[in-house]
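Encoded as structure tokens, the structure appears first; notes follow it.
The values are calculated or read from the model by the stated rules, or taken from the named source; none is laboratory data. Computed from a predicted model, the values in this text were never measured in an experiment. Positions of Cβ are generated from backbone atoms using ideal geometry, with glycine treated the same way; all protein chains shown enter the neighbour counts. Calculation scope for accessible area: heavy atoms of the full protein, side chains included, ligands and nucleic acids excluded. Shrake-Rupley method; radii C 1.70, N 1.55, O 1.52, S 1.80 Å.
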Amino acid sequence: MAMSCRYAAQSCARRLRSVHSARASAQILRVASTARRFNSTEAAATNPKIADIVDQISKLTLLETADLVSSLKSTLNIPDMPMGGFAAAPAAAPAAAEEAEEVAPAAAEKTLFTLKLQAFDAGAKAKIIKEVKSLLGLSLVDSKKFVESAPKMMKENVPKEEAEKIIATMKELGATVAME
């Protein structure tokens, strides 16, 4: 029994020493990588305007950065990408392009539509925000901003049956949605 307690104490002491040394080495690595980044030719070759923007962004808090990202997404009409979308896209792109070329001549009837929120009734704004939140999977704040910025594209590549169902639901709530 005494041997196992001694062993536990020694292993505990080893862990504490390794954690302390790992923190110190991590700090050294951080300083070294920062120095390397600032001394690299890539950093020197960038546009000074870009460098100023990067400096300003690096000084933002996490909440300010999140606001910046959402503002850029709405201003530039960038859809939310699911996690892993970047890794899967390049591999699937050539196959998808070949399939699109084969399907395009055969498809005479449009099956996928884009839904666009055109307008809404001010009295039913809260209900519309809740519905947009559930449809698009946005947070309540983002849903409110989305509804208030109408006219705005809601969904792309929606099958006809689902699009008609969404339009009917939104029409009952007091919103005008167009199917394009």
Work out how much length E109 to K59 would gain on full extension: take 0.36 nm times their residue separation and subtract the Cα-Cα distance, in nm to one decimal. 12.9 nm
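Can you pick out the pairs among K59/K152; K110/K145; K73/K127; K73/K165; K73/K116 whose Cα atoms lie more than 21 Å from each other? Write down the numbers at each step before the final one.
Details: K59/K152 32 Å; K110/K145 31 Å; K73/K127 24 Å; K73/K165 27 Å; K73/K116 17 Å.
Result: K59/K152; K110/K145; K73/K127; K73/K165 exceed 21 Å.
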At 7 Å along the Cα-to-beta-carbon direction for both A122 and L68, put a label point, then send me their distance in nm to one decimal. 3.6
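Counting only heavy atoms of the protein chains, get the accessible area per residue of the stretch 123-180 (1.4 Å probe) and round it to a whole Å² value.
Values: 3490 Å² over 58 residues.
Roughly 60 Å² per residue, with all protein chains present.
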